[in-house]
Amino acid sequence: MIRQCIFIFIVAFGFTVVTAHAGTPIDWQQPAQPLGSALQQLAEQSDISIVFDAKTVRGIQAPPLQGHFTPREALNQLLASSGLEAKEVTPKRYSVVEVPKKLNSNEATKLPEITVTGAENPNSPYSTQYKVPDASTATKTSTPIMETPMSIQVVPKSVLNDQQAFRLEDALNNASGIFPQQGFGLVESFSIRGFSTFDYYRDGVRFQSGLAQTGPREMANVERVEVLKGPASILFGRIEPGGMINLVTKKPQATPYYSVQQQFGSFNTFRTTADATGGLNESNSLLYRLNFAYEDKGSFRQFVDNNHFFLAPVLQWRISDRTQITIEMEYKTGRGTADHGIPAIGNRPASLPVNRNLGESFSRSTFDEYQASVNWSHAFNDQWEIKHRSNFQLTNQDDNSVLPLGLQADNRTLDRFFAGFRNNKSETYNTSLDLTGNFDTFGIKHTVLMGGDYFHYNSTGALIDNFAFPSIDIFNPVHGGSSIRDPADDFLYDTTEDWFGLYFQNQMKLPYDIHVLAGFRYDNAEIKSNEVFAGTATSLNSKQERISPRVGLTWQPIKELSFYGNYVENFGVPNIFASGLGGQPLRAETAQQWEAGIKTELFDGRFSASLAWFQLTKQNVATGHPDPQLTALGFSVQTGEAENKGIELDLSGELLPGWNIIANYAYTDSEITRANDITQGNSLPNVPKHAGNIWSIYTFQNETLSGLRIGGGVTLRGKREGNRENDFQMPGYTLVNLMTSYAMKVGKTRVTAQLNVNNLFDKHYFPSSIGFGRERIVVGMPRVFMGSIRVEY
């Protein structure tokens, strides 16, 4: 009943709002703030369009805007005494330019060149930009993407909003070479440049989804998603070599902003989010941001339903122009259902109804997730700055699940077993300290980064199971069985991981528009595992150290074009659960990457494109001993190797006024180059040779259709191998998605109604598998309708 009341209220409110006109006076209450932000806020709260050059307004403070003015009068108030003026280029479209100086009769009349860039700040809550000029993930410094000798893609908030992408998996469709793997609803796993990872990063801090099992990442407080391709261990420690996913969260803003969004869709999806930010005192030295989300979601799959509550407050104190401290918290609690998919028959997924679940109704997981962080920074002067971040995470999880064990010879009887976690608890502490400096030597400009970090992780709990569980006929299922554990099979675990690292990086700007990046990292890492199974205790320990280099070169002959290349080494996973003869610990996995590419920015920086070629090789992969008898005893050797190479193309930005696009294509040639079994020469699982995605949206510019937007996209995936043995494949597929929205304004409030349709033609497809065995293949989502009402003011 409560959900219906909320829905009726929001819809009724939205459809009673009328559009504000440029000539209608509005009650303005804007604080003093940078002129660029003030102009952007004015445009968003009225129906006029304002374009300006970011350089022209930089450093200019706008006065407070308080009173009853038309939008044109308000614009004049903001520009008073700024040395700028607004020219109406078309009805309700203004260009901010410098006021022409009075010229002597002997001086030539020449107006300053103006580059129209639109909104200055892509992090504004109102931003609709698809192209973001800077990213910090690759270098830990604010470096233009055009000058970064790495492949980095950014999926901004505007794309997430337009697609109603509130799952990380959906957001990453917009970046090349990233594909989901089966997470069975409780974890998130991805293949990046052919190598799998269970980890993602939040503002540069690692989160281990595979062990926490607290469900998909909540996206309500995510500003944008940055993806760094290739090895990233030089700045972030141990990581899989394919790349890293970094979620950049929303930060407090001085300009007040409030929004509430209600989403509702197929399979009983109900989702409410809220976002609020602003100042807590008159000087705006104390800022806050608060994000909230509640989600109750069913599924097209039998027995599956999920819900969670999420809260993320942020408090920032700007002590001075050079010093700030920020305190952030996140809390998430909920329950979910594990869904292990369907098995393969022959070389294809079994032909079963899309809603069929081969588990049981008692499969449930409950979880709690806490996170707190403190970061501060201080600029000693205009050249040197120090930053420190400390982060603490705690997760608790319990679950019951029924998992597939194997399909019998009749290709219809599926053996299963019961399993679950008890008191699955993880604690993570991370701290880092960075010193950044800018200086010149002999005409060379340097940006240096020196830092260190420490990471501590502990995971404890018990894994219970019972293999005396009823089988099921996959074509005529009769569900049964109960969640009774077999105490003799209890597996107790206590794993601790500690590492610290030191790193140095120098970004040099040489003559002739050449940029050089060079750096290295020293890692000292130790992992300990204590296990108890059937009354027998086992202890494992691995301690290793390594120095990893990175070098990159960029040449930018003209502003719109740059060429780059890099060579990077990686320090990977520790191989702790594999051992050599005599129980000797194995070395950690390592990797190397060669990469070269081209980047371009067109249309005054509103559109960007990048083309990259890469060759990425991982070594020291544990594989069975060449002697079958020693393999049977559990001994391994480190002769395993895999190589992925390919081409990636990414496009994003504004092609014409109102027409935005984000698109990608990836060609990936994946091969297990060395192994002591039949997998040598095979492809890694879940890696399509050809894959692409395109999404485009148009905002109508004429007055009659003002506020209307239409868009759509296509996702293509080629055939993928289901496991390392390559004995079954998941067919390729094409999905078509559409959207439309309409925004209405009154005074300071904007109401947006939106409808998205995903998988328009109701395609039956299989997006991924777990990557081993033949029993866990994900069934793709059928046609989905998703509506929303968003109120902003």
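The values are calculated or read from the model by the stated rules, or taken from the named source; none is laboratory data. Because the structure is predicted, anything quoted here is derived from the model rather than measured. When we count neighbours, we look across all protein chains shown, and the Cβ atoms used for this are built from the backbone with ideal geometry, even at glycine. Areas reflect the complete protein model, heavy atoms only, side chains present, ligands, DNA and RNA absent. Shrake-Rupley method; radii C 1.70, N 1.55, O 1.52, S 1.80 Å.
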Q | Given (1) surrounded by fewer than 17 Cβ atoms within 10 Å (Cβ to Cβ); (2) out of contact with any Phe, Trp or Tyr (no Cβ under 8 Å at 6 or more places or on another chain), number of the condition residue 446 does not satisfy | A | (2)
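Out of the range 336-356, which residues are touching an Asp or Glu at 6+ places or on another chain (Cβ under 7 Å), of a type in the set (S, T, N, Q) and either free of Cβ contacts under 8 Å to residues at least 12 places away in the same chain or open to solvent by less than 10 Å² (accessible area, probe 1.4 Å) (or both)? Break it down into steps so the answer makes sense when it comes.
At the first step, the residues of the range 336-356 found to be touching an Asp or Glu at 6+ places or on another chain (Cβ under 7 Å) are 337-338, 343, 347.
Remaining after also requiring of a type in the set (S, T, N, Q): 337, 347.
Selection gives 337 alone.
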Q.
If I filter the range 665-685 down to residues being in a strand (DSSP E or B) and open to solvent by 20 Å² or more (accessible area, probe 1.4 Å), which single residue comes out as modelled with the lowest pLDDT?
A. 674
Q) If the Cβ limit is 7 Å and pairs must be 6+ apart or interchain, which residue in the range 152-181 that is open to solvent by 10 Å² or more (accessible area, probe 1.4 Å) pairs with which residue that is acidic (Asp, Glu)? A) 152/226; 153/650; 154/226; 157/223; 163/170; 169/188; 180/169
Q. Is there a residue in the range 204-216 that is part of a helix (DSSP H, G or I), surrounded by fewer than 23 Cβ atoms within 10 Å (Cβ to Cβ) and not small (Gly, Ala, Ser)?
A. yes
Q: Would you check which residues across the range 357-385 are closer than 30 Å to residue 439 by Cβ, under 26 Å from the mean Cα position of the chain (by Cα) and open to solvent by 20 Å² or more (accessible area, probe 1.4 Å) and list them?
A: 374, 375, 376
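For residues that are open to solvent by less than 50 Å² (accessible area, probe 1.4 Å) and part of a loop (DSSP other than H, G, I, E, B), tally how many sit in the range 733-759. If you could, list the steps in order and put the result at the bottom.
Here is the first cut: in the range 733-759, the ones open to solvent by less than 50 Å² (accessible area, probe 1.4 Å) are 733, 735-737, 739, 741, 743-745, 747, 749-754, 756-757, 759.
Now drop any that are not part of a loop (DSSP other than H, G, I, E, B), which leaves 747, 759.
Total meeting the criteria: 2.
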(Q) The conditions are (1) closer than 30 Å to residue 247 by Cα; (2) modelled with pLDDT of 75 or more; (3) in contact with a helix residue (DSSP H, G or I) (Cβ under 7 Å, 6 or more places away or on another chain); (4) among the aliphatic types (A, V, I, L, M), and residue 54 fails exactly one of them. Which is it? (A) (2)
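Just one of 144, 133 is open to solvent by 20 Å² or more (accessible area, probe 1.4 Å) and in contact with a helix residue (DSSP H, G or I) (Cβ under 9 Å, 6 or more places away or on another chain); which is it? So that I can check it myself, show each step before the final result.
Numbers: 144 fails: in contact with a helix residue (DSSP H, G or I) (Cβ under 9 Å, 6 or more places away or on another chain).
The match here is 133.
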Q: Give just the number: which of (1) at pLDDT below 75; (2) open to solvent by 40 Å² or more (accessible area, probe 1.4 Å); (3) more than 34 Å from the chain's Cα centre (by Cα) does residue 85 not satisfy?
A: (1)
Q.
Against the definition (at pLDDT below 90, open to solvent by 10 Å² or more (accessible area, probe 1.4 Å), within 30 Å of residue 793 (Cβ to Cβ) and polar (S, T, N, Q)), how does residue 273 come out, yes or no?
A. no
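Against the condition in contact with a helix residue (DSSP H, G or I) (Cβ under 8 Å, 6 or more places away or on another chain) and open to solvent by less than 10 Å² (accessible area, probe 1.4 Å), how does residue 126 come out, does it pass? If you could, list the steps in order and put the result at the bottom.
Working: in contact with a helix residue (DSSP H, G or I) (Cβ under 8 Å, 6 or more places away or on another chain): yes; open to solvent by less than 10 Å² (accessible area, probe 1.4 Å): no.
No; evaluated as a whole, the condition is false for this residue.
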